[in-house]
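Trainee: Input: one structure, supplied below.
Please treat every number below as a calculation from the coordinates, not as lab data. Source: prediction; values computed, not measured. Cβ sites come from the backbone with ideal geometry, for glycine too, and all protein chains shown count toward neighbours.
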Amino acid sequence: MLENFKGEILSPVGSWEMLYAAVRSGADAVYLGAKDFSARRNADNFEIGELETVVKYCHIRNVKVYLTLNILIKDSEFSQALNLAFRAYNSGIDGIIIQDLGLAKVLHKELPELPLHASTQMSVHTPACLPLLKELGFTQVVVAREMSLEELTAFCKEAQKYNITVEAFVHGALCMSMSGQCLLSAFLGSRSGNRGLCAGPCRLPFSAEGGTGYDLSLKDLSLIEYIPTLYKIGVRSFKIEGRMKRPEYVAAATKACKDSLIKETVDIELSETLKNIFSRSGFTQGYLENKLGRDMFGIRTKEDVVSANKAFPVLHELYRKEYKSVAVGVKAVIKENEPITLTLSDGKNTVTAYGNIPQKAKNRALTYDDALKSLTKFGDTPYFDEGGGVALDDGLFVPSSELNALRREACELLDKARSTINRAQKTVSYTPKSAYDTQNKTPELIIRIENPNQLPQDLSGIKAVIVPLEKDFEPLDSVENIIDIPRGIISEKFITDRLIKYKEKGFKLCLCGNLSAVEIAKNLGFGIIADTGLNIHNSESAQTVCDLGAKAIVVSNELTLDSIRELNSPIKKGVVSYGNIPLMLFKNCPIKNGKDCATCDKSQKLTDRLGTKFPVRCRVGYSELLNSVPLWLADKQQHLKGIDFQILYFTDETQNQIAQIIDAYKNGKEADFKYTRGLFFKGTI
């Protein structure tokens with residue numbers, strides 16, 4: 001049995017039935033979305049007016065409620081999102097899960113009493129970012145699912161220094177891409193995962209040579225047996241994925257996780273039922289065990305569906321009755337010539353119900369045991385008797401119906417006390433930033449290359465050259481030199497050592513796509529350019545990264561050009577206007593399903609069901625899926641007016657091809673190959 005238990009089983013809720021299933025199966029906390037601004041917008045979710053009812057129901061039962069407000073927010077939506085957060089706070093919510101940096105910064109300033117949780121969409125996977133999370137006001141962080149036990153242990157140890165609670169997913173679906181770094185659904189169909197409408201294209205056939213045929217589809221995660229270990233290393237919130245699954249799934253997963261945490265064991269039959277109710281050919285622990293590869297991949301088969309249909313009917317029993325979660329002290333006084341009193345106390349709230357004056361017994365007098373039995377028969381409530389007693393005079397008679405009614409009245413009083421929202425109501429005083437006054441200027445050209453032999457001989461008109469951290473480059477005299485730090489960080493020491501070497505060569509700027517990179521580079525004295533991985537989606541997030549030390553931003557690839565021009569940024573803003581955009585970030589390289597690194601020729605591709613080929617690029621322990629065709633805006637330069645710079649993102653192009661593309665962008669030429677406009681004109685849903 002774990003000592004000094006302070007952890008929580010955090011269950012998903014997408015409807016009222018799921019709420020009952022989670023709470024009655026032992027959840028210590030639930031997370032749910034409102035109708036807007038939730039990363040599961042296709043779940044039923046809750047009307048804002050229902051939140052107070054949800055919170056009261058949960059607080060009576062000793063369950064916390066967290067609101068998911070974890071999508072990227074557009075400037076046009078910012079005030080509405082902020083208003084939702086304030087209304088949720090006034091409804092008694094216990095915390096809000098946030099992805100958007102700007103929303104987090106404003107909420108911490110305007111509503112400092114509200115606990116903020118950093119969503120897994122923030123791609124937190126190394127400890128260097130912790131001081132920045134603290135500065136932004138976060139008290140809890142949902143770590144990336146890609147972390148190994150060793151990495152997570154080190155992270156928890158560091159998080160304790162900042163008094164930040166660590167939350168980890170322990171059961172449910174696994175995205176192939178690190179959360180917050182996936183553009184696949186957005187680019188293929190305008191349904192953005194960062195905006196809560198992922199269409200799940202990764203579950204469709206994507207084939208690596210010699211692979212499984214579904215080389216972007218991972219089995220579901222299940223770390224239930226590891227929960228005691230995770231608690232001991234410092235994880236305090238154990239999260240279950242599944243706001244779009246059935247209540248029976250939530251009940252089974254919650255019960256299994258609770259048993260693992262409290263009893264350090266899970267019933268074999270329950271484990272098998274949980275596997276049957278939803279899995280993709282079983283479960284995986286690959287990331288935590290640092291055992292990556294083909295065994296982690298799986299799909300939902302007909303056999304899985306048949307097993308689920310058999311499992312569902314037996315699971316209603318798990319949440320048919322109230323879960324006994326609240327211990328109460330019971331004290332009753334039944335004295336001659338005095339009204340009966342029943343006092344209940346949960347340690348914080350104390351209530352007293354008053355009854356009639358007891359009668360003299362004509363036949364059988366009320367016994368102590370009978371009185372106590374009636375007054376502690378809590379039945380379909382979350383309460384259970386923690387101890388106390390009855391002060392009873394001899395020779396009195398009280399009907400059991402009267403004692404039962406007194407108990408029910410006392411329970412209702414305790415319900416009311418436990419569900420009362422004891423906080424001052426807050427109103428929004430925020431003034432939105434005005435749209436940027438677009439200037440009629442042409443954006444400067446910056447190029448990003450992979451290897452030194454790609455560097456064009458003519459760099460006239462080029463403002464800066466971006467080079468990858470892991471490659472060896474010498475600084476150029478005629479341009480600014482920028483180091484591109486990978487979004488996926490396997491080793492902070494590696495990043496630090498490489499940056500020190502580049503600093504010694506005279507490099508002064510870093511392109512940073514995650515918060516850890518920002519902190520590492522800043523501590524070494526580099527200037528910061530916030531990259532697309534930070535998902536700068538509105539004027540407030542631009543201000544936030546500026547406050548964190550950034551000198552310029554490359555905005556989200558999911559914004560339209562109209563939105564980008566109007567974005568009010570205190571620092572220079574730019575876009576990636578050419579290149580095979582990285583669509584996914586993997587720790588588990590799909591190419592390895594067919595061949596190992598020794599035989600990989602570094603030009604591998606995944607092929608979808610339509611025969612489209614997507615390049616895969618390896619970067620220092622992580623790999624990226626690139627779009628099948630490049631962005632092209634050379635002939636749309638008039639639409640870039642008012643944007644400070646544009647990046648031409650070169651990957652496998654030759655030196656000659658790069659020179660031709662630069663010329664096309666200088667002179668507004670059309671492309672003579674297949675390309676995409678990305679989301680710059682159509683945007684996302």
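Trainee: Length gain on complete extension for the stretch residue 83 to residue 429, per 0.36 nm per residue less the alpha carbon to alpha carbon distance?
Mentor: 123.6 nm
Trainee: Taking only the alpha-carbon atoms of the stretch 415-535, what semi-axes of the equivalent ellipsoid follow from 5 times the gyration tensor eigenvalues under a square root, in whole Å, largest first?
Mentor: 41, 23, 11
Trainee: I want to check the label-to-label distance for residue 451 and residue 618. Put each point 7 Å from Cα in the C-beta direction and report it in nm to one decimal.
Mentor: 1.4
Trainee: Counting pairwise Cα distances across the stretch 111-255, what percent come out greater than 26 angstrom?
Mentor: 33
Trainee: Over all distinct Cα pairs, what is the inverse of the mean 1/r for the stretch 221-264, reported as the Kirkwood hydrodynamic radius in Å?
Mentor: 10.9
Trainee: In percent, how large is the relative contact order of the stretch 326-419, given Cα pairs closer than 8 Å and 6 or more residues apart?
Mentor: Relative contact order, the stretch 326-419: 38 percent.
Trainee: So what's the Cα pair-distance distribution over the stretch 536-685, bin width 5 Å, in %?
Mentor: So the P(r) values, bin by bin, are 2, 8, 16, 17, 17, 16, 12, 7, 3, 0.
Trainee: Next question. Taking every DSSP beta bridge with both residues inside the stretch 326-419, roughly what % is antiparallel (nearest 5)?
Mentor: 55
Trainee: Rounded to whole Å and ordered largest first, report the semi-axes of the equivalent ellipsoid of the stretch 162-204 derived from its Cα gyration tensor (root of 5λ).
Mentor: The equivalent ellipsoid of the stretch 162-204 has semi-axes of 25, 13, 8 Å.
Trainee: Related question: Taking R0 as 25 Å, what FRET efficiency do you get between residue 16 and residue 408 from their Cβ-Cβ distance, rounded to the nearest 0.05?
Mentor: 0.60
Trainee: Which value at 222 nm does the chain reach when only helices count, each DSSP H run of 4 or more adding -39,500 (n - 2.57), with the total divided by all residues and rounded to the nearest 500 deg cm²/dmol?
Mentor: Helices in the chain give a 222 nm mean residue ellipticity of -8500 deg cm²/dmol.
Trainee: If you wrap the chain's Cα atoms in a convex hull and average its projection over all directions, what's the area in nm²?
Mentor: Quarter of the Cα hull surface area: 32.5 nm².
Trainee: Just to be sure I understand the model, the point goes 7 Å from the Cα along the line to the Cβ. What's the resulting residue 439 to residue 655 distance in nm?
Mentor: In this crude spin-label approximation the distance works out to 3.6 nm.
Trainee: Within the chain, what's the longest stretch lacking GluC sites (Glu not before Pro) that sit in DSSP loops with no more than 11 other Cβ atoms inside 10 Å?
Mentor: Here the longest run is 114-669.
Trainee: Shifting gears a bit: For the stretch 364-465, take N as its residue count and report Rg(C-alpha) divided by 2.2 N^0.38 Å.
Mentor: For the stretch 364-465, the normalised Cα radius of gyration comes out at 2.93.
Trainee: Can you give the relative contact order of the chain as a percent, counting alpha carbon pairs under 8 Å and 6+ residues apart?
Mentor: Computed over the chain, the figure is 15 percent.
Trainee: Can you tally the net charge around residue 92? Count Lys and Arg as +1, Asp and Glu as -1, for every other residue whose Cβ sits under 13 Å from the Cβ of residue 92.
Mentor: Neighbourhood net charge equals +2.
Trainee: If the only charges are +1 at each Lys and Arg Cβ and -1 at each Asp and Glu Cβ, what is the size of the charge dipole of the stretch 537-685 around the Cα centre, to the nearest 20 debye?
Mentor: 260
Trainee: Between residue 601 and residue 262, what is the FRET efficiency for a Förster distance of 41 Å, r being their Cβ-Cβ separation, to the nearest 0.05?
Mentor: Here the calculated transfer efficiency is 0.20.
Trainee: What are the residues whose amide H is under 5 Å from the amide H of residue 216, where those residues sit 5 or more places off or on another chain and H is modelled from the backbone?
Mentor: Here the answer is 206, since their amide H atoms fall under 5 Å of that of residue 216.
Trainee: Related question: In terms of modelled amide H atoms, which long-range or inter-chain residues lie less than 5 Å from the amide H of residue 396?
Mentor: Answer set, sorted by chain and number: 361, 366.
Trainee: Also: Long-range amide H contacts for residue 578: which residues qualify at under 5 Å (H placed 1.01 Å from N, peptide plane, sequence gap of 5 or more or a different chain)?
Mentor: 647, 649
Trainee: Using 10 Å bins from zero, what percent of all Cα-Cα pairs in the stretch 326-419 falls into each bin?
Mentor: Result returned by the calculation: 17, 54, 24, 5, 0.
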